[in-house]
Amino acid sequence: MEQRLSSIEHRQPEASPAEFSRANKELRKLRDHMDLIQDLRTKQKEISGLKSMLSECEEDKEMIDMTNEELSQALAEERRLQTLLLKLLLPKDDADERDCILEVRAGTGGEEASLFAMDIFRMYERYSQKNGWKFEVVDIAESDMKGYKEASAAISGADVFGKLKFESGIHRVQRVPVTEKSGRIHTSAVSVAILPQADEVLNIENPAVYIDQGKKSYTLYLIVSIFSSYRVLLLTLL
């Protein structure tokens, strides 16, 4: 691990932007590992020194009690560092290190759902700022009450997709909306999609080819790039 870290730090300057980006991500991950390993080694040296001290002061009860207390704390910290290191060394999904696309859509609930979608979108914006991520708004479709029918953003930073991918799904709220005059509680829902950012843009010169074989209908999958993310459009040719 130390050799790999050294080789990346002394990489050739003529590397392509894509290679440079991958190397920087690997370097950041290796440095985190090495910092944790160094902390663990330091703690183990401290434990060894405390054990030696116990063997040298067998007749000093006050010193023994003090050293035992410090040793107990050091052993607990060693176990914590070992657990953290084990988690870092476990295999991860390669997509976890990618940037991501956030898409929020209003669902059931009319205007209140669009206001809820706006709250959700702004929540992710503030969360990104808190974590030091770059939050770039791509597109917003507003409702009549200035809520969001649809909104999308590109989020970039360290391990963004891995930290947000489980946010995908349906989010629901029950509250008295500003659109309600009689004080009744409404239920509204929005959908949240977290998509990994593609490494490269796929250019298709001939995206559609029609094959005529009698009266049958054919299904064509057309890959297009929308808002820097890939979607699959299902077209039926009659």
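The values are calculated or read from the model by the stated rules, or taken from the named source; none is laboratory data. Computed from a prediction, not measured in an experiment: that's the story for all the values here. As a convention, Cβ positions derive from the backbone with ideal geometry for all residues, glycine included, and neighbour counts pool all protein chains shown.
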message: Filter the range 146-194 down to the residues that are exposed (fewer than 14 other Cβ atoms within 10 Å of the Cβ), touching a Gly at 6+ places or on another chain (Cβ under 8 Å) and either under 30 Å from Glu97 (Cα atoms) or aromatic (Phe, Trp, Tyr) (or both) and list them by number.
response: Ile170
task: Mind listing whichever residues of the range 130-185 are touching a residue at least 40 places away in the same chain (Cβ under 8 Å) and of a type in the set (A, V, I, L, M)?
output: Val138, Ala151, Ala153, Ala154, Ile155, Ala158, Val160, Leu164, Ile170, Val173, Val178
query: Mind checking which pairs have a first residue in the range 60-81 that is among the β-branched types (Val, Ile, Thr) and a second that is surrounded by 13 or more Cβ atoms within 10 Å (Cβ to Cβ), Cβ under 8 Å, 6 or more apart or different chains?
result: Ile64/Leu54; Ile64/Cys57; Thr67/Leu50; Thr67/Met53; Thr67/Leu54; Thr67/Cys57
query: Which of (1) modelled with pLDDT of 85 or more; (2) more than 30 Å from Asp32 (Cβ to Cβ); (3) surrounded by fewer than 16 Cβ atoms within 10 Å (Cβ to Cβ); (4) not charged (D, E, K, R) does Asn131 not meet, given it meets every other one?
result: (2)
query: What residue, of Ser182, Ser229, is in contact with a strand residue (DSSP E or B) (Cβ under 9 Å, 6 or more places away or on another chain), among the small types (Gly, Ala, Ser), closer than 25 Å to Asp119 by Cβ and modelled with pLDDT under 85?
result: Ser229
- prompt: Has the range 46-69 got any residue that is touching a Pro at 6+ places or on another chain (Cβ under 6 Å) and either under 30 Å from Thr187 (Cβ atoms) or surrounded by 11 or more Cβ atoms within 10 Å (Cβ to Cβ) (or both)?
  reply: no
message: Out of everything in the range 105-128 that is closer than 17 Å to Lys163 by Cβ and not basic (Lys, Arg), what residue ends up being surrounded by the most Cβ atoms within 10 Å (Cβ to Cβ)?
response: Ile120
- request: Could you please tell me which pairs satisfy a Cβ distance under 9 Å, a separation of 6+ or placement on different chains, a first residue in the range 192-205 that is of a type in the set (S, T, N, Q), and a second residue that is at pLDDT 60 or above and part of a loop (DSSP other than H, G, I, E, B)?
  value: Gln197/Arg98; Gln197/Asp99
message: Exactly one of these conditions fails for Lys45: (1) in a helix (DSSP H, G or I); (2) of a type outside the set (A, V, I, L, M); (3) at pLDDT below 75. Give me its number.
response: (3)
